Amino acid sequence: MFSATGSFRGCRGASFGQMLPKNLPPTSGSMESNKHQSTFSDPQKRGPDRQGAKWVRPGYAEKPQVSPKVLVQKYNNGETNAVSLLHQLAQLLQLQLEFKETVTTGNVPGFYFAFAVVVDSVQHKTGLGVTKKEARLNAAQLALEDFLPNLGCLKTDLPHASDGPPPLPVKKELSVSDSHPSRAIYERKSSVNLQIPLAVKDQLSKLLNNHPEFSSCGDTTAAFIIKTSSGCEVVALGTGNFNSRDCVSSNGRVVRDSHGVVTARRSLMRYLYRHLLMYFSKNTNLTEKSVFTHNVNSNLLCLKSGITLHLYVNQLPKGAAQIPGNLHLSPLSVATWQVNNEISLHMAVEGKVFCVFSSILDNTASEMISMSTTDKITQWQVLGYQGALLSHFIEPVYVQSILVGDSGGTDIRGMEMSVSQRVEGITSQMPMFYCMIRPLISLVPSVVAPNAGGSQLTCAINWSEGDSSVEVVDGLKGKTVEESPFKSGPALASRLCKAGMLHRFRLVAKEAQRQDLITTSCYRELKMMAKPYQEAKSVLRAYLCQQGFGSWLEKLPEGDNFSG
């Protein structure tokens with residue numbers, strides 16, 4: 001059914017050991033180096049001042065005893081630069097600080113490096129420069145222009161970013177009113193995080209109220225949410241927990257992977273096709289209602305400004321996201337070969353998940369195999385959730401945040417490591433418009449309690465905005481069940497199957513007057529014609545292998561050689 005790109009065990013790269021050192025607990029050496037900070041001062045030296053001694057948690061540095069105002073004044077006087085000031089403020093205020101390499105977009109001539117400052121998961125404007133150092137400095141200056149007013153610091157004549165390429169748009173802005181920025185940002189994130197699960201719960205209840213016999217499918221719920229200034233709207237939803245036994249369908253009418261997130265993602269693709277038809281229609285009102293707009297720089301469509309996409313999962317997806325919270329490198333070495341296998345790529349085999357380096361996979365005869373859901377999310381955060389066919393019309397569509405239901409546990413560290421850290425640094429290798437988008441991952445109240453009487457139910461539910469009712473698919477057969485509220489025809493092919501997606505693709509190609517796509521009939525050939533997408537996919541899979549995470553299992557081409 002699958003062919004592997006290279007040998008699993010030959011793909012552990014030499015640089016993976018550099019990824020996780022920050023996840024190590026403090027070692028005896030690091031504790032010793034901070035010993036003077038982690039104990040009370042010598043009472044014989046301090047005498048009567050002993051009661052004023054300060055204890056600092058072992059392995060952590062003591063906060064610098066200086067006010068933000070003094071640091072800012074030094075910056076304004078030219079005694080320190082923007083990068084240094086950000087690091088000082090981050091240590092003083094206990095904020096998370098990251099300089100993230102990103103991409104240049106828009107009408108920016110020439111070649112530039114691009115960096116954006118991320119403070120407590122909030123990404124600021126992108127700074128450009130002919131060198132990485134200059135780009136980081138410009139990014140730091142742009143971030144300070146947004147960040148310093150929220151500190152309540154009196155500042156005048158704040159240095160501006162150097163004259164050069166214009167800053168790129170801000171991906172996320174927060175209005176901070178509290179004098180402590182990290183607290184205000186946390187409260188704002190919490191408010192948004194409550195809106196989304198409530199919207200998902202409300203939509204799921206509406207869909208299942210008339211079909212209580214399928215309510216036990218809900219514990220695997222995943223949903224995509226569109227957020228605008230007017231609020232949140234659930235646009236695609238899916239449930240499920242199995243792969244089909246019919247692994248290779250020669251006509252594209254069997255759904256192979258019915259796990260919740262995969263089902264929701266294919267429902268999202270139907271939503272995107274629907275809005276493409278609205279955009280290309282000759283009806284002005286429908287075009288205006290579409291979520292898409294034309295980008296003159298790429299000659300593709302993109303989501304309108306102010307529209308962001310978010311993903312809710314009721315439980316941690318299968319794979320590396322479920323690694324134990326105490327995962328770390330060996331304290332004696334950070335050699336790649338000693339890294340715990342949990343962070344590598346995984347495969348789902350008959351409902352169970354195995355590391356790609358596991359000897360079990362060498363001996364399995366099962367054909368119910370797919371890459372784990374966590375690995376697919378990692379891929380989508382680089383290639384976009386639209387897939388190859390839709391990339392003929394639109395730029396990559398990325399998720400800005402992933403919200404995980406908290407009923408199954410409170411440890412999302414594995415999710416953060418597997419989705420973001422494994423592909424950190426890949427952006428510079430990607431073709432235009434493709435990059436690694438690091439989502440904000442957080443815990444939220446669960447929509448459905450886990451194991452609500454049906455976690456082993458083979459049925460998978462799908463729905464997207466505009467559907468009149470849900471469709472129920474037997475995950476083991478990959479076909480719609482007879483009892484499904486929606487059935488596309490007597491053959492019971494799901495509306496999520498590849499043949500169904502090809503049909504929608506042809507409708508859009510016709511409306512968009514894309515003759516090159518209309519005259520091509522083979523599903524696989526149309527996917528291969530999406531050159532930038534295929535290039536990005538090849539770069540991603542080679543990168544994962546080089547970094548030591550293993551080989552991605554490639555589907556055999558026979559399953560895509562159909563024409564509808």
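The values are calculated or read from the model by the stated rules, or taken from the named source; none is laboratory data. Nothing here was measured: the structure is a model prediction, and the numbers come from that model. Note that each Cβ is placed from the backbone with ideal geometry, even for glycine, and that neighbours are counted across all protein chains shown. Side chains included, ligands, DNA and RNA excluded: accessible areas come from the protein's heavy atoms. Shrake-Rupley method; radii C 1.70, N 1.55, O 1.52, S 1.80 Å.
Side notes on the structure shown:
- Building the convex hull from the alpha-carbon atoms of the range 506-564 and averaging its projection over directions returns 4.8 nm².
- Efficiency of FRET between THR284 and ILE518 - r from beta-carbon atoms, R0 30 angstrom, step 0.05: 0.75
- Cα point-scatterer Debye curve for the range 440-510, base-10 log of I(q)/I(0) at q = 0.20, 0.22 Å⁻¹: -0.94, -1.03
- Radius, Kirkwood style, for the range 418-564 when every pair of distinct Cα atoms is counted (Å): 19.1
- Taking the 1.4 Å solvent-accessible surface of the range 406-513 as the whole, the part contributed by carbon and sulfur is 52%.
- Where labels lie 7 Å past Cα in the beta-carbon direction, separation of ARG413 and SER469 in nm: 4.8
- Taking Cα centre as origin and charging only the Cβ of basic (Lys, Arg, +1) and acidic (Asp, Glu, -1) residues, the dipole magnitude of the range 225-325 rounds to 180 debye.
- Between GLN546 and ARG245, the simple spin-label model (points 7 angstrom out along Cα→Cβ) gives 4.3 nm.
- Full-extension gain in nm, THR293 to LYS531, via 0.36 nm per residue minus C-alpha separation: 83.5 nm
- Across LYS133/LYS227; LYS376/LYS531; LYS201/LYS289; LYS125/LYS227; LYS510/LYS531; LYS227/LYS376, pairs whose alpha-carbon gap is larger than 27 Å: LYS133/LYS227
- Taken per residue, the accessible surface of the range 419-564 reaches 42 Å², heavy atoms only and a 1.4 Å probe.
- Taking all protein chains as shown and a probe of 1.4 angstrom, TYR434 keeps an accessible surface of around 10 Å².
- Dividing the Cα radius of gyration of the range 376-454 by 2.2 N^0.38 Å, with N the residue count, gives 1.30.
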